[in-house]
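Read through the structure below, which is laid out as structure tokens, and then see the notes.
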Amino acid sequence: MIRCETVLHSLDALRDGTLGKPEEEEVRDHLTACGACAREWEVTEALRAAIRNRVSAPAAPAAFREAMAHLLARQASPVGWFARLQEAFRRQPVAAMAFAAAMVLLVLVPLNVWMLSPREIVLPLVEESINEHIRLSLLEAAPEIPVAELQPLPVRHRRRLEFFNPLSFPDDREYHLVGGQVSYLLHRKVLAVIYSHRPKRPITLLVIPNAGIRLPEQLLSGRGKVYWATHQGFQMAEWHEGPFIYSLVSDSDEGDLSPLIEKLQHQ
Amino acid sequence: MDRVSLSEEEKDRFAKALLQHLDALYGFAWWLTHRREEIEDLVQETCLRALRSAHQFEPGTNLKAWLFSILKHEWFRRAGLAQREVLADSFSDNPEVPGQEWAVEVDVIRTALQKDLDEALRALPEEYRSAVLLFDLYGFSLKETAEILAIPDGTVKSRLARGRQMLRGRLWAYSKVSDNDQM
């Protein structure tokens, strides 16, 4: 015969369904026969029902739920750069598009320069050199060269006298340097100077940083490796010299330019 | 799922499963502390710990019970409480229900107001309250309750018995105060 103390100790296991079959039957039989244990069962059942039906706790606030969903999603799937970009587009489309455009330019501009063939590089160089020559030739007064603007040039060019010496030939009456200035060509800061040659035959020399520009090796001819071209009625001569490309433009012919090239290459 | 780590897809699924138990976790934390910041902090830490340890969870077992055990452990850690055995007779200041009035008592319990039930539960020592809430309110099994509280099954049974006894005493006392107020 099972004791009341044992039955009372087994009631939660009976609720749980974890009593063995014979033990469960024994407890149930006892509850039928024992008024005190049956009352205990009934009171506890009433209490459990009251707790289940009337006790409650607040649910998670919506803002907290949303924050947790976001946090857990981020923790579960660490966001890669692409997903971050997508998220940025979603949150701040204007700023993100500006950033994306800058990234594209950052890639495409060098790629574009790299992909251009040497001839394609030379053509804009030729055209812009001619434009600069025309612009300088039309100026009434010879342009001055501001000292402060000579920073991109080698050390020997930083002071006016040092600069003029290698490009001017005081003893030479044919090629007289009259002036110059810093200009912009192919998105680069360049030095542009102008020589007086024969009357109304000015020659413009452009000294251009050669980063990203190549002169086609197969087209460089003669001593000093000069690239010659005639374009829109102008005679062009271009060659490498250290980190620069030198570009001469004139409506004189090749014979007028060659002595100057010789002087410039040996100064 | 005792693996070194889960794939992103598995973790994502696990995170979604966690969210299904957010209300229950929040409610249980509310019973442990009424301070909202503390509740949210406790639940958040519980979820993050669970996600980090997701590979240790055994599929097919009760995820909710596993989460509750993490929350309870975290609460003990924060509160600086040691998991301790509570002697059943260490609280003797609770009113007892006279044995011969059991039928009236059932009536008292069945008609008890929600606020009285809340107050009676809130007044219970934490160890008893947790056992009663987990088994009677949240419906965990004895074994799960024992695992959540990190105590033996037998201790759960004695805490349940003692906790309910105290609850009954308080509800009985509330009903007597209410009767006196009406007279």
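The values are calculated or read from the model by the stated rules, or taken from the named source; none is laboratory data. Keep in mind it's a predicted model, so treat the numbers as computed, not measured. Every residue, glycine as well, gets a Cβ built from its backbone with ideal geometry; the counts of neighbours run over all protein chains shown. Quick note on the areas: whole protein, heavy atoms, side chains included, nothing else; ligands and nucleic acids left out. Shrake-Rupley method; radii C 1.70, N 1.55, O 1.52, S 1.80 Å.
Numerical summary
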{"quantity": "Selection within segment B:107-137 - surrounded by fewer than 19 Cβ atoms within 10 Å (Cβ to Cβ) and under 10 Å from the mean Cα position of the chain (by Cα)", "calculated": "B:126"}
{"quantity": "Selected residue (only one of A:212, A:179 is surrounded by fewer than 19 Cβ atoms within 10 Å (Cβ to Cβ) and assigned to a strand (DSSP E or B))", "calculated": "A:179"}
{"quantity": "Index of the failed condition, residue A:201 passing every other in (1) farther than 17 Å from residue A:133 by Cα; (2) open to solvent by 50 Å² or more (accessible area, probe 1.4 Å); (3) in contact with a strand residue (DSSP E or B) (Cβ under 9 Å, 6 or more places away or on another chain); (4) not β-branched (Val, Ile, Thr)", "calculated": "(1)"}
{"quantity": "Wholly enclosed helices (runs of 4 or more DSSP H) of segment B:8-55 bearing at least 1 residues of a type in the set (Val, Ile, Thr)", "calculated": "B:36-52"}
{"quantity": "Residues that are open to solvent by 20 Å² or more (accessible area, probe 1.4 Å), within 7 Å of chain A (Cβ to nearest Cβ) and modelled with pLDDT of 90 or more, drawn from segment B:8-31", "calculated": "B:19, B:23, B:30"}
{"quantity": "Any chance residue B:120 is in a helix (DSSP H, G or I), within 24 Å of residue B:39 (Cβ to Cβ) and at pLDDT 90 or above", "calculated": "yes"}
{"quantity": "Breaking point among (1) closer than 23 Å to residue B:130 by Cβ; (2) more than 7 Å from chain B (Cβ to nearest Cβ), for residue A:16", "calculated": "(2)"}
{"quantity": "Residues satisfying the stated conditions in segment B:39-60, i.e. open to solvent by less than 50 Å² (accessible area, probe 1.4 Å) and more than 8 Å from every other protein chain (Cβ to nearest Cβ)", "calculated": "B:39, B:42, B:45, B:46, B:50, B:53, B:54, B:55, B:57"}
{"quantity": "Qualifying residue in segment A:215-237 (condition: in a helix (DSSP H, G or I) and surrounded by 14 or more Cβ atoms within 10 Å (Cβ to Cβ))", "calculated": "yes"}
{"quantity": "Residue A:255 being touching a residue at least 12 places away in the same chain (Cβ under 8 Å) and small (Gly, Ala, Ser)", "calculated": "no"}
{"quantity": "In segment A:241-250, the residues that are touching a strand residue (DSSP E or B) at 6+ places or on another chain (Cβ under 9 Å) and either surrounded by fewer than 18 Cβ atoms within 10 Å (Cβ to Cβ) or modelled with pLDDT under 85 (or both)", "calculated": "A:241, A:243, A:244"}
{"quantity": "Subset of segment B:65-106 that is surrounded by fewer than 17 Cβ atoms within 10 Å (Cβ to Cβ) and charged (D, E, K, R) - its residue that is modelled with the highest pLDDT", "calculated": "B:77"}
{"quantity": "Residue check, residue B:168 over 20 Å from residue B:25 (Cα atoms), charged (D, E, K, R), part of a helix (DSSP H, G or I) and in contact (Cβ under 8 Å) with a residue 24 or more places away in the chain", "calculated": "yes"}
{"quantity": "Single residue of segment B:131-153 satisfying the filter (more than 13 Å from chain A (Cβ to nearest Cβ) and part of a helix (DSSP H, G or I)) that is nearest to residue B:64 (Cα to Cα)", "calculated": "B:148"}
